[in-house]
Structures are given as C-alpha cells and as structure tokens.
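Worksheet: one structure, shown below.
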C-alpha cells in the first residue's frame, strides 16, 4: 500500500471523517496516524476509530520525526498542499524519499460514492431552497438597495441565520458588474429592469452545492424557472444562447466522452451565436468537499467522464461594460447520461 | 536595493496600494512589476502608478520568465508564501539564486506609519461601535438563543449589513465553550447568568481591529466597561485576575523592553492567583493588514518593542468544562508607554 501524508482539511476528512484546523494525516502501509495539537486531541480521540491520535505542538516537525522513527523510505505528498517552509521541515527525515503526487486526494475523490451523492443532493436541495428565499427577499426589499447590501443579504439568507455554511462567498452582481466573472460588490443600486446575477451555494455535512442564476428585477423575480424574460432583445438573445449552450453541454455529458467534448458542445453554441470571444472561462468543475474538484471541464481537459462524477456545467457570456449571463447547475453522471441534481 | 518577489495579497497591497486575488509583485532594484490575469489588468493599470502591469494567465510562470529575461542573480522570497509546486515553477529561471527570507513583508510592516495608525484607529473605533450594537441585540434578543445563532448575529451586526468586512469569523462562546480558545459554536442556549465571550473585529480600508470581551448575560449586558460583575465568586476572581494581568502587561509595554517581558508581566499575575497552567496561549500579536502580524508577544519572543508597533494584549484563563475568560485590547507603543487604541 502507498505511504502518504495529507495536510489539507478536506483531504484529511475524506480519509477518516474528522478534521480540525491544524492536523497532519499519515498512512504507512495499513497504519494510520492523526497528528494534532492539544486543543483538538480529546475530540479527535472520540471521533476517530482505527487510527492513532498523536499530540504535538508542531504537527509537521512531529510528522518528520515519525517518518524517521518508522524508517519510511518513500512517501507520497501533494506539492500544492505544503509551503516551501513546511516541506523543508518535513525533509528533516533523512530516510525518506518524497514522491510528488499533485492532486493526490482530489484524484481519489473524483468518483463519488453513493453516500457522497446523497449528501451532495441534499446540499443542492438546500441551496435551491435558499435561492427561493433570496428571491422572496429581493421581491420585497431589493428596490434601490445596492450590491453590497444584496451580497450581505444573500449570504445571510443562504446561511439561514447560522444553520448552514456557505460553499463560498456568494456573488451578487448587477448589470455591468455581472460582466466581470469575479466582480467586487459596489454601491450600484437595483432598479426595475436591473439584471441580477446570483452565484451561490451551501454545504450539507461539509459537501458543497454551487448554482448560478440570472434574472431581471421586478416584483415577480424568481430563480425557480430557467426560462427567463428580459425587456431588451439583446439580453434575451444572450440569455437564451447561454441556456441553449448549457442544455447542449448537459446532453453531451455521459460516460466515455472526454471532458473537452462537453466544453466544446457549450462553446459551439455560443460561437455560432457570435459571442465566442465573450465566453472567457471553462465550462465546469467537479464539486464535493471542495467547491473546486476534479474533473475540470475545459477545452484542454482530456479526462474521460465516468459514472458518478459530479460537476458543474456553467457556460457564460460577458459583455464588458454592458452585462453578463452565466447559468450553472450541478450534474451527476448516470450510466447513460448526465442528470441535473 | 534588494530584489524580491511577493504573492501574499496583503504584502502586495502594502507595497503598491492595490491587490486582487491572483497576482505577483516583483521588485528588481528600482523597477517594480505587478503581474495579474486578464480579469484584473484594467483596474490594476488605473490604480497603479510608477510600476508596470504585466498580463499573464499563469502569473508564476510569467515571473520565472521575467527573472530569466532580466538576468536576476539573486531574489528574496518568503518560503511561507509559496507552495512547493509554485516554487518549482519559479525555479525555471536558472539564472536566479532564491534567498529564503521568512516573514519578509511582515518584518517590513512591524512599525506602523502615521497613516496606518489612523486607519487602524478607525477600525478599532468601528469595532467598538459594533460591540455596542451587538450588546444591544443581546439585551433584546439573546435569551434562549443558541451559540450558532449568536455567532451568526454577531457576524451580521459587526458587518453592519454589508458596510464593513470582518477581520475574522467572530467567536461567540457560552459558559464551558468559552474554556476552549478555539470553540466551535453549538446548540447551547443562553440563559440569565450565562457567561458570554465575544472575540471579534472589523476592517477599515483593509486594516484590522481585534477585541475580546466577557460578560454575564442579563437584560443590561454591555461591553463598554471593562469592570464586569459576576454572580459566582469564582467567575469574579478569574475575571478580575485576567483584567489585572492585562493592565499589568499594558503598563509593562514600552519602547526598549523585550516582548517576552510583556508576556511575563501578564503571566506572573495569573500564576500568583493560582491559575498559571490555565493561561494556555501567548499574550498577544501584532495587528495590521493581517490579523496576525509581528511582533509576537510570547514567553519566547526576544523582539525589542519599538515606538509605533501595534499589537494585542490578551491574557486569558481557561477552566476546562467550566468557563473561560479572555480580555483583549489593541495598543500602540507611544514614546514612553503603551496607549490603548
């Protein structure tokens, strides 16, 4: 069996069902160790079965010590997971050859188990319900409120007053700010007819959801239906193009195809409509414990799609200084097709 | 002049007054470069004077390229700032010797400028006002609410509905949970006489505030006065001891003393009262753009205190399974003494 070390919280949680904010997970053959400091050892011992909890002030120095003690000759590590300073400390174990294994944990997590699928489904369900609560708030309160306030309320409503964690800080962007894939919220106010883009998600038992919707502001704004009406024909054309691109990509996603072919399916629709150069990012990304996991759904990704991968499909068109549209859902790969979660 | 590279957002902001979430800052002698991707170049060029904005998809690969192009022989970098994978990419520049400079930026930032002191003072003022708003909410609403709800409301109220950023996720801990320096919020409910610990801060123009208060819950709970009354004599003794320790440490802080002597001043008071082993962390830390900066105020820190350092003084006593008390303020070092901000 492979010997490996993990530091990333979600990677550790995946292996043993517990993590805190200062830990190292080690596996030497069939022996497994969880190193943490005195703040967390009591809880770690309660929660962890079948592995040894080790207490240390400096968890990385302790890991180096244990590598030397157990005379571990070869250890896999993720070079994205350790800083140069941490790795220097780890290399104090002179016995050990450190084998770089980029995305070691994310590769293990690319196919979701039935249990994980259930948890992600529940996160998606709660995320959807939160979008509906936010739409209700918008209908009643958003007129003349600015983006900063909208983003604050979106985060508060998604969390349902402390009940749920966010997958990430929600993006709520109005009109031309929606044309920036990473917009900072401004003092721009919502008016009747403003275009609003909402990109948000919540966690359920640490598993993430991720969704984007776009709609025009009026007293009936809602995110439950994907067909949306816009006053301007340009907005309508852009929205309908993105929706068509998303539907095409969803149909293209199934076991055996390459990830780049899903990206291509979306990109072709947008290119044909004349907006090719305004689709400035890739089509999707895996979702699980991390909000960004494997597979990457991009023009360059050669990953072969397999059953029970879960990822987003989120094409977009961004017209600088005007507005932007992105429509995002999560899909699970079933035996013959992609099912929207 | 030193050649150096920075990746940390606050380190970059300190050098040039702008940062986004994907950038590299390079200084070669008197030439300065800001490398970022296409999402941010327009804004970077607007905001940055006297340095060159370079656009690249992969900012680290671009930095390596520029190091080779400019034939840079020696470059300082912070080994805490780069992952092993990023550093491997940087080392593509064969011309360059990379000199590790741990805490390179934090060392530059240890003495605050007059402008920074003003901004931090404003952050502290706004943080204090937020504590008062939260106390008002507690008086009116907290009875029978649980810790999760309290933490959510504290974060919302500190942000003032989207106006301010948080320095960190606030800690609101009740009774025995306050005995854990890093408590996870629970379903534990607030009752008359519950002990409540609040550790929170806000940012003003990116500069942080940080403050901790403890009080007993009743209809008059407030955080404006440091003298607090408790029903149980044990709580009162612990609280008064921590307060005395904090006052002693504040008096010990002045130019020319060692950081460890400030820690010792607080620790002696707590030891004499018989609670020495329950003061499980160090006495304070610098605050600025980052919530944790230099100097470290600990038993081991030999740093000589200088004028215009700004740091927290926050002794505590944690009685496992019972309760905990920490009292925290930020001080600025004036010519002859520490001034509470």
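The values are calculated or read from the model by the stated rules, or taken from the named source; none is laboratory data. None of these values were measured; they are calculated from a predicted model. Using ideal geometry, Cβ is built from the backbone for each residue, glycine included, and neighbour counts are taken over all protein chains shown.
In table form, for the structure just shown:
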{"item": "Residue in segment A:95-106 that is free of Cβ contacts under 8 Å to residues at least 24 places away in the same chain and part of a helix (DSSP H, G or I) present", "result": "no"}
{"item": "Condition met for residue B:102 (touching a strand residue (DSSP E or B) at 6+ places or on another chain (Cβ under 7 Å) and under 28 Å from residue A:103 (Cβ atoms))", "result": "no"}
{"item": "All positions within segment B:185-201 that are part of a loop (DSSP other than H, G, I, E, B) and farther than 15 Å from residue B:135 by Cβ", "result": "B:185, B:186, B:187, B:188, B:191, B:192, B:193, B:201"}
{"item": "Filtered residues of segment A:230-251 (kept if out of contact with any strand residue (DSSP E or B) (no Cβ under 7 Å at 6 or more places or on another chain) and either without any contact (Cβ under 8 Å) to a residue 24 or more places away in the chain or over 18 Å from residue A:312 (Cα atoms) (or both))", "result": "A:232, A:233, A:234, A:236, A:237, A:240, A:247, A:248"}
{"item": "Condition check for residue B:139: surrounded by fewer than 17 Cβ atoms within 10 Å (Cβ to Cβ), under 17 Å from the mean Cα position of the chain (by Cα), away from chain A (no Cβ under 14 Å) and within 30 Å of residue B:197 (Cα to Cα)", "result": "no"}
{"item": "Verdict on residue B:244 being out of contact with any helix residue (DSSP H, G or I) (no Cβ under 9 Å at 6 or more places or on another chain), in the same structural domain as residue B:315 (by TED's automatic domain parsing), surrounded by fewer than 18 Cβ atoms within 10 Å (Cβ to Cβ) and in a helix (DSSP H, G or I)", "result": "no"}
{"item": "Residues of segment A:57-94 satisfying the condition of being without any contact (Cβ under 8 Å) to a residue 24 or more places away in the chain and either buried (at least 19 other Cβ atoms within 10 Å of the Cβ) or touching a strand residue (DSSP E or B) at 6+ places or on another chain (Cβ under 6 Å) (or both)", "result": "A:79, A:80, A:83, A:84"}
{"item": "Conditions (1) part of a loop (DSSP other than H, G, I, E, B); (2) in contact with a strand residue (DSSP E or B) (Cβ under 8 Å, 6 or more places away or on another chain); (3) within 14 Å of chain A (Cβ to nearest Cβ); (4) at pLDDT 95 or above; number of the one not met by residue B:112", "result": "(3)"}
{"item": "Residue among A:200, A:215, A:183, A:259 that is out of contact with any helix residue (DSSP H, G or I) (no Cβ under 7 Å at 6 or more places or on another chain), within 30 Å of residue B:165 (Cα to Cα) and crowded, with 17+ Cβ neighbours inside 10 Å", "result": "A:215"}
{"item": "Verdict on residue A:122 being at negative phi, under 27 Å from the mean Cα position of the chain (by Cα) and either more than 14 Å from chain B (Cβ to nearest Cβ) or in a loop (DSSP other than H, G, I, E, B) (or both)", "result": "yes"}
{"item": "Cβ-Cβ under 6 Å pairs, at least 6 apart or on other chains, segment B:178-199 side more than 13 Å from every other protein chain (Cβ to nearest Cβ), far side assigned to a loop (DSSP other than H, G, I, E, B) and crowded, with 23+ Cβ neighbours inside 10 Å", "result": "B:190/B:142"}
{"item": "In segment A:9-19, residue nearest to the other protein chains (Cβ to nearest Cβ) [restricted to those that are over 25 Å from residue B:177 (Cβ atoms) and touching a strand residue (DSSP E or B) at 6+ places or on another chain (Cβ under 8 Å)]", "result": "A:11"}
{"item": "Condition broken by residue A:107, with the remaining ones in (1) over 24 Å from residue A:209 (Cβ atoms); (2) surrounded by fewer than 18 Cβ atoms within 10 Å (Cβ to Cβ); (3) modelled with pLDDT of 95 or more satisfied", "result": "(1)"}
{"item": "Residue within segment A:127-140 that is within 23 Å of residue A:210 (Cβ to Cβ), in contact with a helix residue (DSSP H, G or I) (Cβ under 7 Å, 6 or more places away or on another chain), without any contact (Cβ under 8 Å) to a residue 60 or more places away in the chain and assigned by TED's automatic domain parsing to the domain that holds residue A:289 present", "result": "yes"}
{"item": "Tally, over segment A:180-197, of residues that are at pLDDT 85 or above, farther than 15 Å from residue A:215 by Cα and out of contact with any strand residue (DSSP E or B) (no Cβ under 8 Å at 6 or more places or on another chain)", "result": "0"}
{"item": "Scope segment A:204-225; condition closer than 30 Å to residue A:18 by Cβ and more than 14 Å from chain B (Cβ to nearest Cβ); matching residues", "result": "A:204, A:205, A:207, A:208, A:209, A:210, A:211"}
{"item": "Hits in segment A:155-177 (condition: at the interface with another protein chain (Cβ under 10 Å from one of its Cβ atoms), in contact with a helix residue (DSSP H, G or I) (Cβ under 7 Å, 6 or more places away or on another chain) and under 15 Å from residue B:165 (Cα atoms))", "result": "A:156"}
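Every residue, every condition in (1) within 19 Å of residue A:236 (Cβ to Cβ); (2) in contact with a helix residue (DSSP H, G or I) (Cβ under 8 Å, 6 or more places away or on another chain); (3) outside the structural domain of residue A:260 (by TED's automatic domain parsing); (4) crowded, with 20+ Cβ neighbours inside 10 Å, yes or no:
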site	(1), (2), (3), (4)
A:288	no, yes, no, yes
A:299	no, yes, no, no
A:308	no, yes, no, no
A:314	no, yes, no, yes
A:326	yes, yes, no, yes
A:331	no, yes, no, yes
A:336	no, no, no, no
